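Trainee: Handing you a structure now.
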Amino acid sequence: MSRVDDLNRVLRTLQSGTPDVEASALISEDGLIIASALPHHVEEVRVAGMSSTLLSLGQRAARELNRGDLEQVLIRGGQGYAVMVAAAPGTLLLVLTTREAKLGLIFLDVGRAVEQIKKIL
């Protein structure tokens, strides 16, 4: 089994184990998709670029505002949440959830997924 297969398995497990997780993707810091479980109508290239930019801006804001190292970027919209966290060095994990998602459970499951991703990469 290749690393990409292993990473895709981690993303699928995250989605199947947490009903409120609708989609997920592992993205490089330069905005390239490494692995994804995104719906077909979502443009992976566009999502990867925006996510990379948002994480970079979040890191800079955290530094400039003396908040320490960035742990996550959270976006709340009318249809749910987008959670971005640093995964392995040079990568970020994007998770899209429903509006009703319990964020504590999401953060716990995302943390577990990140640990698995680090082992694979």
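Read-outs: derived from the displayed coordinates by stated rules, not from any lab. Remember, predicted model here, so these are calculated numbers, not experimental data. Note: ideal-geometry Cβ built from the backbone for every residue, glycine included; neighbour counts use all protein chains shown.
Trainee: Mind sorting 29, 43 by how few other Cβ atoms lie within 10 Å of their own Cβ, fewest first? All intermediate terms of the calculation are to be shown ahead of the outcome.
Mentor: Details: 29 15, 43 10.
Least to most surrounded, the residues fall as 43, 29.
Trainee: Which FRET efficiency value, to the nearest 0.05, is calculated for residue 42 and residue 108 with the Förster distance at 22 angstrom and r the Cβ-Cβ distance? Provide the component values of the computation, followed by the final result.
Mentor: Details: r = 25 Å, r/R0 = 1.13.
The value I calculate is 0.30.
Trainee: Hey, fewest Cβ within 10 Å first, where do 27, 120, 75 land in order?
Mentor: Details: 27 25, 120 16, 75 12.
Going from least to most buried by this count: 75, 120, 27.
Trainee: Under 5 Å between amide H atoms, partner at least 5 residues away or on a different chain: which partners does residue 23 have, H built in plane at 1.01 Å?
Mentor: Amide H neighbours of residue 23, under 5 Å, 5+ apart: 96.
Trainee: Let me ask another. Remind me, relative contact order of region 3-120 in percent, using alpha carbon pairs under 8 angstrom and six or more residues apart? Each step should come with its number before you reach the end.
Mentor: Numbers: 186 pairs, mean separation 33.5, N = 118.
RCO, region 3-120: 28 percent.
Trainee: Give me a comma-separated list of calculated 3J(HN,Hα) values for region 65-78, in order, Karplus coefficients 6.51, -1.76, 1.60 applied at θ = phi - 60°, integers in Hz, x for any Gly or Pro.
Mentor: Residue by residue, region 65-78 yields 8, 6, 9, x, 5, 5, 9, 6, 10, 10, 10, 10, x, x Hz.
Trainee: Follow-up. Among 38, 48, 17, whose Cα sits farthest toward the positive end of the charge dipole of the chain (+1 at Cβ of Lys/Arg, -1 at Cβ of Asp/Glu, about the Cα centre)?
Mentor: Checking the options against the dipole of the chain, the answer is 17.
Trainee: Here is a follow-up. What is the magnitude of the charge dipole of the chain about its Cα centre, with +1 placed on the Cβ of each Lys and Arg, -1 on the Cβ of each Asp and Glu, and no other charges, expressed in debye to the nearest 20?
Mentor: Numbers: 13 positive and 14 negative charges, 34 e Å.
Here the chain has a charge dipole of around 160 debye.
Trainee: Evaluate the distance, in nm, between pseudo-label points positioned 7 Å from the Cα of residue 32 and of residue 3 along their respective Cα→Cβ axes.
Mentor: 1.2
Trainee: Would you mind checking the radius of gyration and Dmax of region 3-120 based on alpha-carbon positions, in Å?
Mentor: Looking at region 3-120, its Cα Rg and Dmax stand at 13.3, 39 Å.
Trainee: Helix-only estimate, please: 222 nm mean residue ellipticity of the chain, summing -39500 (n - 2.57) across DSSP H runs of length 4 or more and dividing by its residues, to the nearest 500. Write out the running numbers ahead of the final one.
Mentor: On the way: 3 runs with 54 residues, N = 121.
Per the formula, -15000 deg cm²/dmol.
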